[in-house]
Amino acid sequence: MKQIMGYTFKNEYYIETALTHSSYAHEMNMSSLNNNERQEFLGDAVLELVISNYIFNKYTDMPEGEMTKLRASIVCEDTLSKAATEIGLGQLIKLGKGEIYTGGRERPSILADAMEAVFGAVYLDGGFDAAEAFILDILKPHIELLKNNFRMRDCKTYLQELIQKTSKEPIVYNIIGESGLAHSKEFMSSVVHDGKILGKGRGKSKKEAEQNAAADAISRMKE
């Protein structure tokens with residue numbers, strides 16, 4: 001039986017699929033479905049639920065906006081790729097020769113996608129409780145660190161990453177309203193992409209309003 005991070009798979013097909021990159025499947029003339037992309041899709045959803053549930057129950061005094069920002073900083077490519085590197089996942093992924101030669105085993109996007117696919121594999125093999133325990137075992141140290149140190153830039157950075165996966169159009173932030181006295185103003189910002197308002201947010205500074213707008217956009221995109 002194949003084991004990874006203390007979890008032993010009953011059905012090795014799931015973990016083998018999770019560790020098969022599309023470049024390898026293509027080189028081996030495998031079906032386009034025999035790579036980790038579908039399990040990545042599932043793992044992403046399981047990850048979102050696990051992290052949301054953990055943050056909600058762990059930090060009972062944290063407002064919705066802060067929870068959204070913290071979750072965004074956890075489920076982003078940067079954090080997932082770091083976690084994947086820590087457990088040596090890069091050396092386990094089956095890659096095409098081209099990807100290997102160009103440093104695919106260290107590429108953040110490949111590592112993060114594979115990490116989500118592995119989460120999906122554990123869920124398929126052992127159910128939600130097993131996936132939850134597995135995910136938190138890997139990510140809890142990152143959650144605690146990010147909870148204490150995550151920066152306001154995280155939401156804007158993560159939103160940029162999401163948009164750039166499918167579009168080259170720029171993201172534009174606009175201040176659409178101000179209220180309050182000169183010494184205690186509140187700003188309203190919108191974030192726009194390709195002519196569409198993705199989210200809105202308020203803040204005591206323009207930068208804070210923009211970050212909250214990005215957080216709102218991320219939350220809406222994940223619904």
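Rounded to the nearest whole Hz, the Karplus-based 3J(HN,Hα) values (6.51 cos²θ - 1.76 cosθ + 1.60, θ = phi - 60°) of the range 96-112 follow the sequence x, 4, x, 5, 4, 5, 9, x, x, 5, 10, 6, x, 5, 5, 5, 5, with x at glycine and proline. Using Cβ point charges alone (K and R +1, D and E -1), the dipole size of the range 154-222 about the Cα centre works out to roughly 60 debye. Tell me which trypsin sites (Lys or Arg not before Pro) from the range 153-206 have a DSSP coil assignment and no more than 12 other beta carbons within 10 Å of their own. Those that pass, being in a loop and sparsely packed, are 165, 168, 204.
Any idea what the relative contact order of the range 154-222 is, in percent, if you count C-alpha pairs under 8 Å spaced at least 6 apart? Don't jump to the answer; show the numbers that get you there.
Working: 129 pairs, mean separation 19.3, N = 69.
For the range 154-222, the relative contact order is 28 percent.
Students often get this wrong, so check it: of 10/156; 97/165; 58/200; 97/140; 58/82, which have C-alpha atoms separated by over 31 Å?
10/156; 97/140
Sequentially through the range 9-25, phi angles give Karplus couplings (6.51, -1.76, 1.60; θ = phi - 60°) of 7, 6, 10, 5, 4, 5, 6, 5, 5, 4, 9, 9, 6, 4, 5, 6, 4 Hz, Gly and Pro residues having no value and appearing as x.
Peptides 71-79, 9-17 ordered by packing proxy, namely the average of other Cβ atoms within 10 Å per residue, highest first: 71-79, 9-17.
For the pair the range 197-223 and the range 94-115, the centres of their Cα atoms are 32 angstrom apart.
Between helix 128-149 and the chain there is an angle of about 40 degrees, using the helix long axis and the longest principal axis of the Cα atoms. Put simply, the amide H of residue 198, placed in the peptide plane, has neighbours under 5 Å in 191, 192, 193, leaving out anything fewer than 5 places away on its chain.
Based on alpha-carbon centroids, what's the gap between the range 63-83 and the range 1-60 in Å, whole number please? Rounded to whole Å, the Cα centres lie 19 Å apart.
Only Cα pairs under 8 Å and 6+ residues apart enter the sum, and on that basis the relative contact order of the chain stands at 19 percent. For a paramagnetic label modelled on residue 128 (point 7 Å from Cα along Cα→Cβ), amide N atoms under 17 Å away belong, within the range 32-61, to 42-58.
Compare the Cα positions of 212, 45, 33 along the charge dipole of the chain (+1 at Cβ of Lys, Arg; -1 at Cβ of Asp, Glu; about the Cα centre) and return the one farthest towards the positive end. Positive-end residue among those listed: 212.
Amide hydrogen proximity for residue 177: with H placed 1.01 Å from N in the peptide plane, the residues at 5 or more positions away or on another chain lying under 5 Å are 188. Net charge dipole, the chain: roughly 600 debye, given to the nearest 20, about the Cα centre with Cβ charges of +1 for Lys and Arg and -1 for Asp and Glu.
No value in this document is a laboratory result; all are computed from the given coordinates. Quick caveat, the model's predicted, so the values are computed rather than measured. Don't worry about glycine lacking a Cβ; one is built from the backbone with ideal geometry, like all the others, and counts go over all protein chains shown.
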